[in-house]
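Chemist: Shown below is the structure under consideration.
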């Protein structure tokens, strides 16, 4: 595969991962986590692991983001630290 | 305390990075996994189980135990969420909102007020999400059947293309979650109750373990689908292929039901009253 694409997606994965744990807004953190999952899915698709990419797209970017948003909706939107 | 935590994380991270240098390169043909395990699967998956997608053959046939306990773990997760969150105490809310369907007027009924009892004229709405959005409802009504059909395709076509029970089950569960988001939680619970989803989750795990047990009873080892040949009236190789499909259906059923169950419990904080 094109290695430039690989580098770009890997950088975005790291950026969204760090952003997801540093951001104060928990709703934003769950959305960033969904973005992280989707980028990981792209990375796996590039490496040829299509089954894993499919699982990541459906579980990581799809359902778990909804569950996180639901949990934020029921608790609080601001993190304590 | 924070600096100590950051220091520990950095130390562990660099240790991990140091250890990955010992790993073989990505796609290295001389790596141990590529030398001993992969050639066997690549050469024999089609011959043993008539499954062109090797990943499916490895997941559901060669490593059947692994997938069975993964399904059991997902079931346990749903069960744990149920036991932690579900509350059965019927505490009345202070106020309830009802929409008069013909006019669209929303009534706020305080505690002790008379609840409108004609369901054809009044519908109860969530206190957080009041707009009656025709576009969202119509779009979801059109899109949900396609999602469900695609999910069934993913489960059934796992032998030939990427996909299988886990992915298909999650997509099937996501379609119900979309229904719950686009309308409200109560109407979705009326369509697929908590009891049904719990029974379906247990049934999925039972289908998987029961297939293994049936193989055991037919005189082979646990989860060796070749032993199902007399039951399925086919050759031993095709029996393994069909056995994989049966097992994938079980996984899909369990995963779908657990995803819906998790959503019900998390989005309503265990009350199953007002959701997202």
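Chemist: With each run of n ≥ 4 DSSP H residues scored as -39500 (n - 2.57), what mean residue ellipticity at 222 nm is computed for chain A after dividing by its residue count and rounding to the nearest 500 deg cm²/dmol?
Modeler: -24000 deg cm²/dmol
Chemist: Against the longest principal axis of chain B, how steep is helix B:64-85, in degrees 0 to 90 to the nearest 10, with axes from Cα atoms?
Modeler: Tilt relative to chain B: about 20 degrees.
Chemist: 7 Å from Cα along Cα→Cβ at both residue B:65 and residue A:75: what's the point-to-point distance in nm?
Modeler: It is 3.6 nm.
Chemist: Still on this model: As a test of the formula, what do you get for chain B when each DSSP H run with n ≥ 4 contributes -39,500 (n - 2.57) and the sum is divided by the residue count, at 222 nm and rounded to the nearest 500 deg cm²/dmol?
Modeler: Details: 10 runs with 165 residues, N = 276.
Rounded to the nearest 500, it is -20000 deg cm²/dmol.
Chemist: With springs connecting C-alpha atoms under 10 Å apart, model chain B as a Gaussian network and identify which of B:202, B:220, B:38 has the largest mean-square fluctuation.
Modeler: B:38
Chemist: Between B:264, B:62, B:40, where does the largest GNM mean-square fluctuation fall for chain B, given springs only between Cα atoms within less than 10 Å?
Modeler: B:40
Chemist: Residue B:141 to residue B:47: extension gain in nm, 0.36 nm per residue of separation minus the Cα-Cα distance?
Modeler: Once the chain is fully extended between residue B:141 and residue B:47, it gains 29.5 nm.
Chemist: Enter the angle in degrees (range 0 to 90, nearest 10) between the Cα long axis of helix A:64-74 and the first principal axis of the Cα atoms of chain A, meaning the one along which they spread out most.
Modeler: 10 degrees
Chemist: Take chain B, connect every pair of alpha-carbon atoms lying under 10 Å apart with a spring to form a Gaussian network, then pick out the residue of B:255, B:247, B:189 with the largest mean-square fluctuation.
Modeler: B:189
Chemist: While we're looking at this one, here's another question. Using a/c under 1.5 as the rounded threshold, could you call the stretch A:3-74 rounded, prolate or oblate? The axes a ≥ b ≥ c are square roots of the C-alpha gyration tensor eigenvalues, and prolate needs a/b larger than b/c, oblate otherwise.
Modeler: In terms of gyration-tensor shape, oblate.
Chemist: Calculate how steeply helix A:26-47 sits against the longest principal axis of the alpha-carbon atoms of chain A, using the helix alpha-carbon long axis, and give the answer as 0 to 90 degrees to the nearest 10.
Modeler: For helix A:26-47, the angle is close to 10 degrees.
Chemist: I would also like to ask the following. So if we plug the beta-carbon distance of residue B:222 and residue B:73 into 1/(1 + (r/R0)^6) with R0 = 22 Å, what FRET efficiency do we get, rounded to 0.05?
Modeler: Taking R0 as 22 Å, the efficiency between residue B:222 and residue B:73 is 0.75.
Chemist: Let me ask another. Take the alpha carbon atoms of the stretch A:13-77, find their center, do the same for the stretch B:226-247, and report the distance between the two centers in whole angstrom.
Modeler: Taking the Cα centre of each part, the stretch A:13-77 and the stretch B:226-247 sit 38 Å apart.
Chemist: Which shape class applies to the protein assembly as shown: rounded if a/c is under 1.5, otherwise prolate when a/b exceeds b/c and oblate if not, where a ≥ b ≥ c are the square roots of the Cα gyration tensor eigenvalues?
Modeler: Oblate, because a/c is 1.5 or more while a/b does not exceed b/c.
Chemist: Contour minus end-to-end for residue B:22 and residue B:38, with contour as 0.36 nm per residue of separation and end-to-end as the Cα-Cα distance?
Modeler: Values: separation 16, 0.36 × 16 = 5.76 nm, distance 2.03 nm.
The residue B:22-residue B:38 span can extend by a further 3.7 nm.
We did not get these values from a lab; they are worked out from the coordinates using the rules stated. Everything numeric here is computed off the predicted structure, so don't read it as measured data. Virtual Cβ from ideal backbone geometry, glycine too; neighbours counted across all protein chains shown.
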